[in-house]
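Asker: Sharing a structure with you now.
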Amino acid sequence: MSTMQCTYRGYHIIADVMEYPGSPTPWAGGCRISDPSGHATRRMSLPVEHAFMAELDKAQRLSLAHGKWLVDQCLDHGLRLFPEAA
């Protein structure tokens, strides 16, 4: 299985979709984001009401769209993608 990825506003976004075999909607969407300086997020799941899909391609595309939205929220509205160093 190939993984969809893109670069958006200088951030690298990778669709991180998990499979749950046996479910009618076996694909759980999520993404990982790396900033230009190399910091990477943990897997960030889609909101639960949109997290599970029947088609892998749709799950990957929605995961990338969610990642782009998160980058926009970070750059335009101050959302923190990365935890503070202890």
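The values are calculated or read from the model by the stated rules, or taken from the named source; none is laboratory data. These numbers were taken from a predicted model, which means no experiment stands behind them. So basically every Cβ, Gly included, is an ideal-geometry build from the backbone, and we count neighbours across all protein chains shown.
Listed here are the residues, each with its yes/no results for (1) hydrophobic (A, V, I, L, M, F, W, C); (2) modelled with pLDDT under 95.
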{"residue": "Met1", "(1), (2)": "yes, yes"}
{"residue": "Thr7", "(1), (2)": "no, no"}
{"residue": "Ile14", "(1), (2)": "yes, no"}
{"residue": "Ser23", "(1), (2)": "no, yes"}
{"residue": "His39", "(1), (2)": "no, yes"}
{"residue": "Ser63", "(1), (2)": "no, no"}
{"residue": "Lys68", "(1), (2)": "no, no"}
{"residue": "Cys74", "(1), (2)": "yes, no"}
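Asker: Counting only residues that are touching a residue at least 40 places away in the same chain (Cβ under 8 Å) and closer than 13 Å to Pro47 by Cα, how many does region 61-80 have?
Answerer: Here the count works out to 2.
Asker: Among the listed residues Thr41, Thr25, which satisfies the condition of being more than 15 Å from the chain's Cα centre (by Cα) and surrounded by 12 or more Cβ atoms within 10 Å (Cβ to Cβ)? I'd like the intermediate steps shown before the answer.
Answerer: Working: Thr41 fails: more than 15 Å from the chain's Cα centre (by Cα).
The conditions single out Thr25.
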